[in-house]
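Notes for the one structure printed next.
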Amino acid sequence: MRRKEPRDHRHPQHRPMRHGATLLASAWWIATAALAPDSALATEAQTAPVRIELNKLEAQPNGCRVYFLIENAKGPAIKTLKLDLFVMGRDGVVEKRLAVETAPIAASKTIVKLFDLAGVPCDRVGKVLLNDVMTCDEAAQAPAGICLDRVQTASRAPEVPFVR
């Protein structure tokens, strides 16, 4: 009768299942660690603010030219960002409603967009209201509601606030 030799438990061939499980667990931890920062960065990018500043109003023969400074400092590229704006007179009454396309905006980019308010002289503009984001198509495919939440408004135009 042949006598069984004691197994050397330190040798991998005597514990193939345990070795495979260890490799699988190690691979899972490495993959999780590698993906976690990307996931956190993607979430941070989708919630990074888009700052829209009413930078200046400039008188034109038939109205007022409006300059917006748009900062997409930390967010993904934005293919379309259409704003629903109301221009209020100094008396608080609505002067005009506009749909303004402010994109495309590259990732980590600041741009200037301008548009003309036909028939509204600059000295009648009392406030600009960002009523809503009508369309928003980011590289990350965020819905328009998320885009509205990301928008921060500011104004450098004297006595003309830009609000949400």
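The values are calculated or read from the model by the stated rules, or taken from the named source; none is laboratory data. What you see is a predicted model; the values in this text were computed from it and never measured. Counting neighbours? That spans all protein chains shown, and the Cβs are built from the backbone with ideal geometry, glycine included.
Some observations on this one:
- GLU44 vs. criteria among the acidic types (Asp, Glu) and at pLDDT 95 or above: no
- Condition met for ALA73 (of a type in the set (A, V, I, L, M, F, W, C), within 13 Å of ILE52 (Cβ to Cβ) and touching a Leu at 6+ places or on another chain (Cβ under 7 Å)): no
- Filter result for the condition that a residue is within 17 Å of MET134 (Cα to Cα) and under 12 Å from the mean Cα position of the chain (by Cα), over LYS74, LYS96, LYS79, LYS109: LYS79
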